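*Asks:* First the structure, then my questions, so here it is.
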Amino acid sequence: MIYLKSWKLAWSLAKFELTASPLYLLSLCLFNPLLIFLVVFLVISPVFNDYLQNNDVGFDFIFLILFLLAPAWHRPKRFLMQSVSQNSDLWAAPSLVLQLQLPITKNTLIKSRLLIYFFLSFPAQCLLLLAMYLVTPQLQTMVTPIEYIVFCIIWLSIGVYAGYIMPAGDVGDEINVKSVTIAFLQLNVGTIAILTFFHLVIGYGLVHSTILIAKKYAILSVVGSLALLIAGLYFWSSYMRNRLYKTDYF
């Protein structure tokens, strides 16, 4: 019962941000789906066949940006990370700093951040994957609907253990020239290393490889993806909990 009450309170906190303004809600429900289908139709679908034939690394890079950064498109500026004070390099989500002053448990705050990101990311990522299949004839001939569902499960799990760095950042981080430079280098080196491994070592692009894995190892892909999804949730929840207890917001 206490567990359910905690999630209910977390949803109440999350709903406060998700319904912050009519324009924000309209963007989530209407503008974003239209934008996703338009981007897929104009950017992804026309070059998909060329990507399969020529192993173009640019396709993977664009897909990663669209898939992992799409949730950040919607959020109003007042809910994004901001400097906690003029004399500190600490940045955090203003709404979270405000909620820390209320009699709310840290576990409930963590759950609310996860719920917010879930409703920002999961529908957008599902729409992106759905649109990609519906408007790309080459993809429809390449995989069956069942195989594509496995492909979607793989990528939605990637959206958790790679994409949930965003809500983790809401709890606070040191933002200065040094930290931004290091993070920028780590992100770029990591992305280049991953794409290089798939394109030069495996011989297929990242998206192409996950399609082939979904076709050949469907059951193993689903089990492995769900295991990594659970591990990702546990990791980011633990990270956020440690940051909340160790960070001095005031």
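*Asks:* Given (1) within 30 Å of Q82 (Cβ to Cβ); (2) over 19 Å from the mean Cα position of the chain (by Cα); (3) of a type in the set (D, E, K, R); (4) surrounded by 12 or more Cβ atoms within 10 Å (Cβ to Cβ), identify the lone condition not met by D173.
*Replies:* Tallying (1) within 30 Å of Q82 (Cβ to Cβ); (2) over 19 Å from the mean Cα position of the chain (by Cα); (3) of a type in the set (D, E, K, R); (4) surrounded by 12 or more Cβ atoms within 10 Å (Cβ to Cβ), D173 fails exactly one: (2).
*Asks:* Give the residue, chosen from L200, L233, L229, that is crowded, with 17+ Cβ neighbours inside 10 Å and at negative phi.
*Replies:* After ruling out the rest, the residue left standing is L229.
*Asks:* Give me a count of the residues in region 236-245 that are of a type in the set (D, E, K, R) and either closer than 17 Å to I116 by Cα or exposed (fewer than 15 other Cβ atoms within 10 Å of the Cβ) (or both).
*Replies:* So the answer is 1.
*Asks:* Checking F122 against (1) farther than 18 Å from G232 by Cα; (2) aromatic (F, W, Y); (3) surrounded by fewer than 17 Cβ atoms within 10 Å (Cβ to Cβ), which test does it fail?
*Replies:* (1)
*Asks:* Tell me, please, whether a residue that is acidic (D, E), over 16 Å from I62 (Cβ atoms) and at pLDDT 90 or above can be found in region 134-149.
*Replies:* yes
The values are calculated or read from the model by the stated rules, or taken from the named source; none is laboratory data. If you're wondering where the values come from, they're calculated on a predicted model, not measured in any experiment. Please note: Cβ atoms are built from the backbone with ideal geometry, for glycine as well, and neighbour counts cover all protein chains shown.
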